[in-house]
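The values are calculated or read from the model by the stated rules, or taken from the named source; none is laboratory data. Keep in mind that this is a model prediction, so the values were computed, not measured. Positions of Cβ are backbone-derived with ideal geometry, glycine not excepted, and every protein chain shown enters the neighbour counts. With ligands, DNA and RNA removed, areas are computed over all heavy atoms of the protein, side chains included. Shrake-Rupley method; radii C 1.70, N 1.55, O 1.52, S 1.80 Å.
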Amino acid sequence: MLILQDITYIHPNRDLLFADINLIVNKQDKIALIGNNGTGKSTLLNIMAANLRPSAGQVKASSRPYYVPQLFGQFNNYSVAQALQIEDKLTALREILDGNVTNENLTLLDDDWAIEERCKQALTHWNLRGLDLTQNMGSLSGGQKTKAFLAGISIHRPEIVLLDEPSNHLDMQSRNMLYSYVKTTTNTLVVVSHDRTLLNLLNTVCELSKRGITVYGGNYDFYTEQKGIESDALSQDLRSKEKALRKAKEIEKESVERQQKLDARGKKKQEKAGVPTIFMNTLRNNAEKSTSRIKGVHAEKVGAISQELSQLRMEMPDIDKMKMDFDNSALHKGKVLITAKEVNFGYADQLLWPSDLNFQIRSGQRMVIKGPNGSGKTTLIKMILGGIEPRSGTIDRADIKAIYIDQDYSLIDNRLSVYQQAQQFNSGALQEHDIKIRLNRFLFTKAYWDKPCKALSGGEKMRLMLCSLTISNQAPDIMVLDEPTNNLDIQNIEILTAAVNEYTGTLLVVSHDEYFLKQINVEDIIEMG
């Protein structure tokens, strides 16, 4: 069991991240911890793991949790055994077997005589057979580092496991192994992830936001269904409040006009009756006060409704505030854009692919390039786009406009400001105010316009990339997405999904995210290896 009581965290610069977080994780619960970037999911997970002290509140755990981090840079100078915190135990075992049977070594080993065999079995299970535990972590790929930490679950045999974006660097085979573990384990799990396939394997969703933690008793699909109901209700409230505001303004106008007519009619009667001037002035002042009082009453009501309306608009999901407006590709559907015949690539005498590749890409197609890590997917993309030529075979390309969007959004120039970056795509000579309107539509308010692109998060760079594409006068004929969801939270993945589904040109995707591929209606596959 894991209990969070009134957890508050304040950054060293005194900025509040979250406050008064309360959560009970029962034995064998499988919980998804989700929320937008910046809400503090990883921080909260580190507090659960006792890697970070909260500013206030306390964490109670029935046993020490095992933590799989999202980032591994801090371990690059460690050996695998040091990173997994098993070096002391392994050293003690070897010394005992060599005859150095000291109390210190026996205490370190703690009767765990099977530690070496368990390490071997765990690493083999995660396809890390032969990995030397003394090897430096910095020499491993991202996927190998993740799998080493996942192997640590079997090595340490914890009751509570905390996973922070565990599928980020995994290929499809390794993801399926992770999914199998999550489905079958009796461990208590708390998982931070944007992998919707993984999230659907967990039985509770906890959403972290500025309001605290909201618990949804079901998997991710259940959560999205409930959020849809909430969103529909919010939209209905918004429409009702807009109608009420229009009505209130009409009543205000009618009331003031009616009072002015009454005042004018009364004034004419009094003039005909020869009322003295001093009394006429008093009556006029009273009429003005009456009109002002009526205006005040209605202005107060209109103001209250306007404030409620502004609050409702602030609560609307960001995705509903955006409008993509992608231009259609100028190419007719079905036109052959790329033809590859018997192509292969390699260095020296070594070919990259065991079999030559043959494929065609036609206008309007949605294709995914699939294959394990290291199978040459990015190399094939460069070949398709003309960055490199095949070592053997031929590749014919039509005269097309293509755009390549990688997971780091390197089309964004970090030397430019947000406004300058948007202006780079202004091929249609839009005026400055038009560009700023579009930036606002993609949640880049005035405070962002002069901000350097290098200071943007992955999700912000993705939104700026999409905004820049809508500013461009002509949509690309081919859009290539290389692992586009790796550095995004769920909200920004949904924004990207909506944008891609509005795009009518040819789509070529490299992704291990099956949920994303299904949502963007990818139908054709180029299989690698």
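Here are a few things to note about the model shown:
- Scanning segment 332-347 for residues that are open to solvent by 40 Å² or more (accessible area, probe 1.4 Å), part of a loop (DSSP other than H, G, I, E, B) and over 24 Å from residue 519 (Cβ atoms) gives 332, 335.
- Segment 121-130 - residue that is assigned to a helix (DSSP H, G or I) and farther than 20 Å from residue 78 by Cβ and, of those, least open to solvent (accessible area, probe 1.4 Å): 124
- Any chance residue 42 is open to solvent by less than 80 Å² (accessible area, probe 1.4 Å) and under 19 Å from residue 211 (Cα atoms): yes
- Restricting attention to segment 380-409, the residues that are touching a helix residue (DSSP H, G or I) at 6+ places or on another chain (Cβ under 9 Å) and without any contact (Cβ under 8 Å) to a residue 24 or more places away in the chain total 2.
- Those residues of segment 229-251 which are modelled with pLDDT of 70 or more, surrounded by 15 or more Cβ atoms within 10 Å (Cβ to Cβ) and within 13 Å of residue 301 (Cα to Cα), in sequence order: 244, 245, 248, 249
- Restricting segment 152-182 to residues that are of a type in the set (A, V, I, L, M), touching a residue at least 60 places away in the same chain (Cβ under 8 Å) and within 18 Å of residue 127 (Cα to Cα), the residue that is most open to solvent (accessible area, probe 1.4 Å): 172
- Selection within segment 492-510 - modelled with pLDDT under 90 and either open to solvent by less than 40 Å² (accessible area, probe 1.4 Å) or in contact with a strand residue (DSSP E or B) (Cβ under 8 Å, 6 or more places away or on another chain) (or both): 492, 493, 495, 496, 497, 498, 499, 500, 503, 505
- For segment 16-29, the set of residues classified as within 22 Å of the chain's Cα centre (by Cα) and surrounded by fewer than 20 Cβ atoms within 10 Å (Cβ to Cβ) consists of 16, 17, listed by residue number.
- Contacts under 7 angstrom Cβ, first residue in segment 199-215 being at positive phi, partner open to solvent by 30 Å² or more (accessible area, probe 1.4 Å) and in a strand (DSSP E or B), 6 or more apart: 212/20
- Cross-chain or 6+ apart pairs with Cβ under 8 Å, segment 449-472 first and over 10 Å from residue 412 (Cβ atoms) and modelled with pLDDT under 90, then crowded, with 17+ Cβ neighbours inside 10 Å and charged (D, E, K, R): 459/489; 467/438; 470/438; 471/438
- Among the residues of segment 341-367, those identified as in contact (Cβ under 8 Å) with a residue 60 or more places away in the chain, within 18 Å of residue 477 (Cβ to Cβ) and either in contact with a Pro (Cβ under 7 Å, 6 or more places away or on another chain) or not charged (D, E, K, R) (or both) are 359, 361, 363, 364, 365, 367.
- Exactly one residue among 165, 242 is at positive phi and acidic (Asp, Glu), and that residue is 165.
- Residue list for segment 394-426, restricted to those being open to solvent by less than 40 Å² (accessible area, probe 1.4 Å), small (Gly, Ala, Ser) and under 30 Å from residue 351 (Cα atoms): 398
- Meets criteria (in a loop (DSSP other than H, G, I, E, B), surrounded by 15 or more Cβ atoms within 10 Å (Cβ to Cβ) and among the aliphatic types (A, V, I, L, M)) for residue 133: yes
- Residue list for segment 348-388, restricted to those being open to solvent by 70 Å² or more (accessible area, probe 1.4 Å) and in a strand (DSSP E or B): 350, 351, 358, 360, 362
- Answer from 89, 145 - the residue that is open to solvent by less than 70 Å² (accessible area, probe 1.4 Å), within 30 Å of residue 37 (Cβ to Cβ), assigned to a helix (DSSP H, G or I) and not aliphatic (A, V, I, L, M): 145
- Which numbered condition residue 436 fails, given (1) open to solvent by 30 Å² or more (accessible area, probe 1.4 Å); (2) of a type in the set (D, E, K, R); (3) under 18 Å from the mean Cα position of the chain (by Cα): (3)
- Residue that is farthest from residue 507 (Cα to Cα) [pool: residues in segment 404-441 that are among the hydrophobic types (A, V, I, L, M, F, W, C) and in contact with an Asp or Glu (Cβ under 9 Å, 6 or more places away or on another chain)]: 418
- Every residue from segment 454-464 that is farther than 24 Å from residue 164 by Cα and either surrounded by 21 or more Cβ atoms within 10 Å (Cβ to Cβ) or in contact with a Cys (Cβ under 9 Å, 6 or more places away or on another chain) (or both): 464
- Residue in segment 62-75 that is farthest from the chain's Cα centre (by Cα), counting only those that are in contact (Cβ under 8 Å) with a residue 60 or more places away in the chain and open to solvent by 50 Å² or more (accessible area, probe 1.4 Å): 62
- Across segment 389-407, the qualifying residues are those that are touching a strand residue (DSSP E or B) at 6+ places or on another chain (Cβ under 9 Å) and not in a strand (DSSP E or B), and the one among them that is modelled with the lowest pLDDT is 407.
- Which numbered condition residue 12 fails, given (1) closer than 27 Å to residue 206 by Cβ; (2) in contact with a strand residue (DSSP E or B) (Cβ under 8 Å, 6 or more places away or on another chain); (3) open to solvent by 70 Å² or more (accessible area, probe 1.4 Å); (4) not charged (D, E, K, R): (2)
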